[in-house]
């Protein structure tokens, strides 16, 4: 009887602990989000970082690869959240891709330098122990192969897709993602979304169709785990020639026109799909996600 009572107590405790850990993680993330700059926090109503990271099942201490970290909006959240003991990789375009954007040589040099400086930048956002490295989809280092819990591709797919036909950029990126993932790892995607009826959705306007993204991942050996509308914005109804950068925070095309900027503010940031993928069950070393 005493053995059964003790066993029952252990089982009850084990059932409580996961919930307690989750609440502790939630509190940690809430504190990080609250401590950011006002400029960063102003984007939260459209980007829903707490809900998005929860949907992607990101937890402190994990190894996470952030695709195309850009200005560092998510890096400033992930660095302190994963630390201490976690790993954050910044994965950028292959070097040959930067000149394809058509900007000057100085701009290209700056972007190449940003990849090399990612480790220093990411560690600057946290005072805790964090392993970091910056590399490209074409130069994944040995320590990152088969070791990553989550790959986050947040507003990153459109530029990879727009150069796929001429440079195979999306195919190379998804191949690198597969190489980085642990057998039970997951890929989180947030991407500007255009209606399924739209034309010209190759990424050059910043938008992609959700069905096309899912199909492309399936072709690359992934399967869809779940989708969410947490980053949806039904007010964003782009016309056939509208670019995503017309909206905040870019305001491309608005110039100093306060009326145009007000019209874009009324829409807000883009409508976005939020998708979660895992490696397909046909993979020999694939393991089910718990």
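A few notes on this one:
- Residues residue 282 and residue 252, FRET efficiency given R0 of 41 Å [Cβ-Cβ distance, rounded to 0.05]: 0.45
- Extension reserve of the residue 266-residue 243 stretch, reckoned as 0.36 nm per residue once the Cα distance is removed: 6.7 nm
- Model label points for residue 117 and residue 101, set 7 angstrom from Cα along the Cα-to-Cβ axis, are 1.4 nm apart.
- Quotient of the Cα radius of gyration of the chain and 2.2 N^0.38 Å, N being its number of residues: 1.07.
- DSSP assigns beta bridges within the chain; of those with both partners inside it, close to 35 percent run antiparallel.
- Estimated FRET transfer efficiency (residue 51, residue 108; beta-carbon r; R0 30 Å; 0.05): 0.25
- Residue order, fewest to most beta carbons within 10 Å, for 147, 254: 147, 254
- Site pair residue 166 and residue 139 shows an inter-label distance of 2.3 nm when each label is modelled 7 Å from Cα along Cα→Cβ.
- Taking 0.36 nm per residue of separation and subtracting the current Cα-Cα distance, fully stretching the chain between residue 218 and residue 259 would add 10.5 nm.
- Eigenvalues of the alpha-carbon gyration tensor of segment 217-264, scaled by 5 and square-rooted, set the equivalent ellipsoid semi-axes at 32, 13, 9 angstrom, largest first.
- Order of 47, 216, 41 under a 10 Å beta carbon neighbour criterion, fewest first: 41, 216, 47
Quick note: the coordinates plus some simple rules give every number you see, no bench work behind them. Computed from a prediction, not measured in an experiment: that's the story for all the values here. With ideal geometry, Cβ positions are generated from the backbone for all residues, glycine too; neighbour counts draw on all protein chains shown.
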